[in-house]
1. Can you find a residue in segment 36-48 that is among the polar types (S, T, N, Q) and closer than 22 Å to Asp174 by Cβ?
2. Take Leu27 and decide whether it is out of contact with any helix residue (DSSP H, G or I) (no Cβ under 6 Å at 6 or more places or on another chain) and farther than 23 Å from Ile129 by Cα.
3. What number goes with the only condition from (1) assigned to a strand (DSSP E or B); (2) in contact with a His (Cβ under 9 Å, 6 or more places away or on another chain); (3) among the hydrophobic types (A, V, I, L, M, F, W, C) that Ile6 does not pass?
4. Out of (1) touching a residue at least 60 places away in the same chain (Cβ under 8 Å); (2) in a loop (DSSP other than H, G, I, E, B), the odd one out for Ala28 is which?
5. Looking at Lys164, Lys126, Lys156, can you tell me which residue is of a type in the set (D, E, K, R), farther than 22 Å from Ile88 by Cβ and without any contact (Cβ under 8 Å) to a residue 24 or more places away in the chain?
6. Collect the residues in segment 122-139 that are farther than 22 Å from Asp64 by Cα and of a type in the set (Gly, Ala, Ser), keeping them in residue-number order.
7. Here are Asp57, Asp49: which of them is surrounded by fewer than 21 Cβ atoms within 10 Å (Cβ to Cβ) and modelled with pLDDT under 95?
8. Return the only residue of Ile44, Ile22, Ile74 being surrounded by fewer than 20 Cβ atoms within 10 Å (Cβ to Cβ), of a type outside the set (Asp, Glu), in contact (Cβ under 8 Å) with a residue 12 or more places away in the chain and assigned to a strand (DSSP E or B).
Amino acid sequence: MFTGLIREIATVKSYQNNILTIKSKHLAKIGDSIAINGVCLTVIEVNSDGFNLELADETRSIIDESKLSGRVHIEPAMQLDDRFEGHIVQGHIDCVGTVISITPRENGVDFIIKVDPKYIAYIIPKGSITIDGVSLTINDVYSDSFRLTIIPHTLKETLIGEYKIGSKINIETDLFARYIDHILQHRSHKKGMSWDEVDRIQMSY
């Protein structure tokens, strides 16, 4: 599990034959889970200046592999004794979005991100979303896109400030929105499941 708070901007040394080699200050161990631009991967080898991770075919079929080059966001998996910040992030990418609008504001920048409309149900106004591993709050949601306002601190400390029109980004939608949608879609198969029970599930998070 992750929080969506970036711990370091690392560098991709190489990516070939499903193996991603990262140059990083983070002292990883074999078997560690580390999110690279929001994608949860497992460390398979430790090097003097970083580590190697392996990508499964399923992962490669969902993400935009062009994101596995240059500088990348990294976040090691959360430890049990860590302070919880951001929001609950699994590191499981749902889809790839595209930046279609960038508008400077008085104290930040608005980004409008286009996605496949089937994912809009999991993108909630004032809810949480993860883009390239960064935990953010959604401002507005449209039929096939959503708006984020990125503050100067986040622009400075992440790679979001380098986005341009047409930039592709890895998106993980809200975990609980997906859970609740799954419950509602399969409600007819769960005898005894009531709206009150669904409300209790939602309110418990």
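The values are calculated or read from the model by the stated rules, or taken from the named source; none is laboratory data. All figures in this text were calculated on a predicted structure; none of them were measured in a lab. A quick note on method: Cβ atoms are made from the backbone with ideal geometry, for glycine too, and the neighbour counts reach across all protein chains shown.
1. yes
2. yes
3. So the condition that Ile6 fails would be (1).
4. Against the list (1) touching a residue at least 60 places away in the same chain (Cβ under 8 Å); (2) in a loop (DSSP other than H, G, I, E, B), Ala28 comes up short only on (1).
5. Lys156
6. Selection gives Gly127 alone.
7. Asp57
8. Unique residue meeting the criteria: Ile44.
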